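Asks: Dropping a structure here in structure tokens format, bear with me for questions.
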Amino acid sequence: MRVSPFAWTALEILVGLQSRLRSFLRQPRSSGVLLHPISLPGPFGVGDLGAAAYRFVDFLAATRQRLWQVLPLGPTGCGDSPYQSFSTFAGNPLLISPQSLVADGLLGNDDLHGLPILPDDRVDYATVIALKRRLLDLAAIRFDRSDGGGLASEFESFRQAEAAWLDDFALFMALREAHNGEPWTNWEADLVRRNPTTLQQWRERLSTAIRHQQLFQFLFARQWHGLRAYAAARGVRIVGDIPIFVAHDSADVWSQPQLFFLDDNGRPTVVAGVPPDLFSATGQLWGNPLYRWDTMAANHFEWWVRRVQATLRHVALVRIDHFIGLSRYWEVPAAAPTAMQGRYVPGPADALLHALRNALGGLPIIAEDLGVITPDVEALRDRFGLPGMRVLQFAFGGDPANRDLPHNYPQHCVAYSGTHDNDTALGWFRSVSHQERTFAQRYLARSGDDIAHDFIRAVQSSVADTAIVPLQDVLSLGSEARMNLPGRRDGNWGWRYRHEMLNDEVAGRLREMTETYGRALLP
């Protein structure tokens with residue numbers, strides 16, 4: 001009898017998490033590449049989980065990489081940012097491969113003909129969202145007409161297994177569309193306050209739209225788990241990402257308002273951000289609602305436990321973005337014009353990590369401990385044995401004691417040439433001061449003719465257990481390939497590579513370096 005891949009049990013989840021943690025700890029030297037699936041090549045204007053994703057896994061295996069790090073996989077909301085998602089539990093339907101839907105019988109080849117020609121190096125989100133939605137709607141109609149065909153039983157198993165978040169998410173998305181994309185705080189009061197009678201009336205009215213939203217999530221999960229299994233069979237594990245905060249306009253906040261600081265109309269009273277830092281002189285005003293940590297603690301952080309468990313069903317280990325916020329976080333009045341008006345407030349610290357460890361049987365977590373690091377943050381990270389991060393681009397201010405210089409790395413950390421928030425290594429080198437550029441050349445003992453590979457060599461040769469580099473640095477690309485510029489409203493999250501960029505020369509150089517520094521995936 002075939003068992004649905006979505007029929008998970010609590011025991012299977014726990015055993016799987018423990019196995020992944022032991023596997024991670026057994027391999028002290030490893031390396032990988034940071035690439036969000038949005039950036040994969042392909043004919044539909046945006047990367048997806050189809051053939052190009054499998055070819056990228058083949059590239060990782062051929063270059064002896066052990067890890068593929070991705071950004072959050074949720075459906076993107078404000079500014080197309082993966083860090084502002086409509087749900088922390090859901091997957092992004094933009095990543096569903098239309099060609100795979102043809103293989104499943106949910107689309108025909110004719111449905112893929114005559115589509116608009118879209119850029120192959122950037123994501124035109126407005127056009128892509130409309131195109132992908134039209135194709136997904138066609139697939140949903142065909143699914144309904146065929147009573148699901150061979151996928152019906154898997155779909156029903158998925159709906160039952162994921163009902164704890166899926167029902168609210170599907171209703172939220174259907175309601176949002178019925179209200180012309182308006183944020184949930186602009187809906188009628190009975191929906192904002194989740195009046196049970198009103199919710200039931202809308203469930204009946206939007207039953208088809210709700211079912212289709214559930215189907216889109218099933219199709220994403222089915223394609224993602226197929227890709228993940230393919231990667232695992234080739235020794236490549238996927239590193240996921242959890243933003244510490246969630247978007248206000250999300251199913252998470254709408255369905256669980258008691259967990260957040262909101263007023264009677266559902267609007268945040270205080271929001272998240274960070275004080276002035278390397279990225280912004282006035283700080284960063286993220287705008288996410290802040291948690292009522294005392295309410296969460298009273299329920300043993302059950303929502304957070306479910307959140308991390310859900311992510312770890314998709315990936316082998318996970319980076320917690322803005323880990324500093326677990327020790328203390330920057331609270332800004334909702335009406336403040338910048339983050340400069342904020343203050344630090346203590347976070348849940350040990351209590352949350354204890355709850356996660358008890359529930360998961362371990363902590364397969366990378367702590368994103370960037371920014372202004374204080375002793376309490378380091379102590380929290382170290383008490384739970386979590387690897388922190390080091391970013392080489394932050395290293396060259398001239399101080400030999402800088403924590404991001406490779407000679408200062410601890411062994412138990414993850415070293416990056418840069419992250420999704422940084423410029424590319426080449427872009428950085430071209431834009432920094434003469435003093436930083438000179439120090440980098442002197443430190444790396446290189447001329448800077450190929451600064452991106454000098455950076456890769458520096459993190460790969462370090463004592464850090466794990467080294468991860470953005471694909472843009474593997475390809476020696478400039479600022480045109482930057483993924484995100486913090487504080488910029490538009491133009492982020494759109495970069496894509498072209499298939500021919502991953503040629504034999506690129507693969508050979510990365511493989512040679514990986515083998516030289518003892519990080520290679522075993523053949």
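Asks: Provide a single number: the residues in the range 247-280 that are in contact with a Leu (Cβ under 7 Å, 6 or more places away or on another chain) and at pLDDT below 95.
Replies: Counting residues in the range 247-280 that are in contact with a Leu (Cβ under 7 Å, 6 or more places away or on another chain) and at pLDDT below 95 gives 1.
Asks: For the subset of the range 184-202 comprising residues that are among the hydrophobic types (A, V, I, L, M, F, W, C) and in a helix (DSSP H, G or I), which member is farthest from residue 169 (Cα to Cα)?
Replies: Looking only at the range 184-202, we keep the residues that are among the hydrophobic types (A, V, I, L, M, F, W, C), and these are 184, 187, 189, 191-192, 199, 202.
Now drop any that are not in a helix (DSSP H, G or I), which leaves 184, 189, 191-192, 199, 202.
Values: 184: 12, 189: 19, 191: 14, 192: 14, 199: 13, 202: 14 Å.
Among those residues, the one meeting the criterion is 189.
Rundown of residues vs (1) among the acidic types (Asp, Glu); (2) over 21 Å from the mean Cα position of the chain (by Cα); (3) at pLDDT 95 or above, yes/no style:
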residue	(1), (2), (3)
75	no, no, yes
86	no, no, yes
92	no, no, yes
99	no, yes, yes
107	no, yes, yes
114	no, yes, no
128	no, no, yes
157	no, yes, yes
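Asks: Against the condition among the polar types (S, T, N, Q), crowded, with 22+ Cβ neighbours inside 10 Å and either touching a Pro at 6+ places or on another chain (Cβ under 8 Å) or not in a strand (DSSP E or B) (or both), how does residue 217 come out, does it pass? I'd like the intermediate steps shown before the answer.
Replies: Working: among the polar types (S, T, N, Q): yes; crowded, with 22+ Cβ neighbours inside 10 Å: yes; either touching a Pro at 6+ places or on another chain (Cβ under 8 Å) or not in a strand (DSSP E or B) (or both): yes.
In short, yes.
Asks: Return the residue satisfying two criteria in turn: it lies in the range 281-297 and is of a type in the set (Gly, Ala, Ser) and farther than 12 Å from residue 348 by Cβ, and of such residues it is modelled with the lowest pLDDT.
Replies: Restricting attention to the range 281-297, the residues satisfying the condition of being of a type in the set (Gly, Ala, Ser) are 281, 283, 287, 297.
Checking which are farther than 12 Å from residue 348 by Cβ leaves us with 281, 283, 287.
Working: 281: 83, 283: 88, 287: 92.
My answer is 281.
Asks: Can you tell me which residue among 381, 357 is part of a helix (DSSP H, G or I), basic (Lys, Arg) and buried (at least 19 other Cβ atoms within 10 Å of the Cβ)?
Replies: 381
Asks: Looking only at the range 24-50, which residues are over 18 Å from residue 420 (Cα atoms), assigned to a helix (DSSP H, G or I) and within 21 Å of the chain's Cα centre (by Cα)?
Replies: Of everything in the range 24-50, just one residue is over 18 Å from residue 420 (Cα atoms), assigned to a helix (DSSP H, G or I) and within 21 Å of the chain's Cα centre (by Cα), namely 24.
Asks: Only one of 282, 295 is surrounded by fewer than 18 Cβ atoms within 10 Å (Cβ to Cβ), touching a residue at least 40 places away in the same chain (Cβ under 8 Å) and either within 30 Å of residue 158 (Cβ to Cβ) or polar (S, T, N, Q) (or both). Can you tell me which? Outline the logic, then answer.
Replies: Values: 295 fails: touching a residue at least 40 places away in the same chain (Cβ under 8 Å).
Testing whether each residue is surrounded by fewer than 18 Cβ atoms within 10 Å (Cβ to Cβ), touching a residue at least 40 places away in the same chain (Cβ under 8 Å) and either within 30 Å of residue 158 (Cβ to Cβ) or polar (S, T, N, Q) (or both) leaves just 282.
Asks: Only helices (runs of 4 or more DSSP H) wholly contained in the range 417-495 count here; list those with 1 or more residues that are buried (at least 23 other Cβ atoms within 10 Å of the Cβ) and in contact with a strand residue (DSSP E or B) (Cβ under 8 Å, 6 or more places away or on another chain).
Replies: Details: elements: 425-431, 434-444, 451-461, 471-474.
Passing ranges, in order: 451-461, 471-474.
Asks: Kindly indicate whether any position in the range 142-165 is within 27 Å of residue 481 (Cβ to Cβ), basic (Lys, Arg) and in contact (Cβ under 8 Å) with a residue 24 or more places away in the chain. Walk me through it before giving the result.
Replies: Filtering the range 142-165 for residues within 27 Å of residue 481 (Cβ to Cβ) gives none.
Within the range 142-165, none of the residues are within 27 Å of residue 481 (Cβ to Cβ), basic (Lys, Arg) and in contact (Cβ under 8 Å) with a residue 24 or more places away in the chain.
Asks: Which ranges mark the helices (runs of 4 or more DSSP H) fully within the range 245-345 that have 1 or more residues being aromatic (Phe, Trp, Tyr)? Walk me through how you get there before you give the answer.
Replies: Details: elements: 251-255, 293-298, 302-312, 324-327.
It comes to 251-255, 293-298, 302-312.
Asks: Please work out which one of (1) more than 19 Å from the chain's Cα centre (by Cα); (2) at pLDDT 95 or above; (3) farther than 30 Å from residue 454 by Cβ is the condition residue 364 fails and give its number.
Replies: (1)
Asks: Specify which of the listed residues (367, 452) is in contact (Cβ under 8 Å) with a residue 24 or more places away in the chain, touching an Asp or Glu at 6+ places or on another chain (Cβ under 8 Å) and among the small types (Gly, Ala, Ser). Lay out the reasoning, then the answer.
Replies: Working: 367 fails: touching an Asp or Glu at 6+ places or on another chain (Cβ under 8 Å).
Among 367, 452, only 452 is in contact (Cβ under 8 Å) with a residue 24 or more places away in the chain, touching an Asp or Glu at 6+ places or on another chain (Cβ under 8 Å) and among the small types (Gly, Ala, Ser).
Asks: A further question follows. Cβ-Cβ below 8 Å, separation at least six or inter-chain, first residue in the range 37-49 and at pLDDT below 95 and of a type in the set (D, E, K, R), second surrounded by 23 or more Cβ atoms within 10 Å (Cβ to Cβ) and not in a loop (DSSP other than H, G, I, E, B): which pairs?
Replies: Going by the 8 Å Cβ cut-off, there are no qualifying pairs.
Asks: Mind checking which residues of the range 436-478 are more than 18 Å from residue 395 (Cα to Cα) and modelled with pLDDT of 95 or more?
Replies: Selection gives 465, 471, 472, 474, 475, 476, 477, 478.
Asks: Also, quick follow-up: Which members of the range 76-129 meet the condition of being assigned to a helix (DSSP H, G or I), of a type in the set (Ser, Thr, Tyr) and farther than 30 Å from residue 256 by Cα? Before the answer, list the steps.
Replies: From the range 76-129, those assigned to a helix (DSSP H, G or I) are 78-80, 93-95, 98-103, 109-112, 125-129; that's our starting set.
After this cut, where a residue has to be of a type in the set (Ser, Thr, Tyr) as well, the list is 100, 125, 127.
Within the range 76-129, 100, 127 qualify.
Asks: Further question: Kindly indicate which of 287, 240 is buried (at least 16 other Cβ atoms within 10 Å of the Cβ) and farther than 25 Å from residue 364 by Cα.
Replies: 287
Asks: Something else about it: When both residues are 6+ apart or on different chains and their Cβ atoms are under 8 Å apart, which pairs have a first residue that lies in the range 497-511 and is among the basic types (Lys, Arg), and a second that is crowded, with 16+ Cβ neighbours inside 10 Å?
Replies: Between residues of the range 497-511 that are among the basic types (Lys, Arg) and residues that are crowded, with 16+ Cβ neighbours inside 10 Å, the close pairs are 498/41; 509/453; 511/62; 511/63; 511/64; 511/520.
Asks: Restricting attention to the range 459-501, which residues are under 19 Å from the mean Cα position of the chain (by Cα) and aliphatic (A, V, I, L, M)?
Replies: 467, 468, 469, 471, 481, 483, 485
Asks: Moving on to the next point. Residues of the range 313-336 being surrounded by fewer than 20 Cβ atoms within 10 Å (Cβ to Cβ) and either of a type in the set (A, V, I, L, M) or free of Cβ contacts under 8 Å to residues at least 12 places away in the same chain (or both), which ones?
Replies: The answer is 334, 335, 336.
The values are calculated or read from the model by the stated rules, or taken from the named source; none is laboratory data. For clarity, every value in this text was computed on a predicted model and none was experimentally measured. Virtual Cβ from ideal backbone geometry, glycine too; neighbours counted across all protein chains shown.
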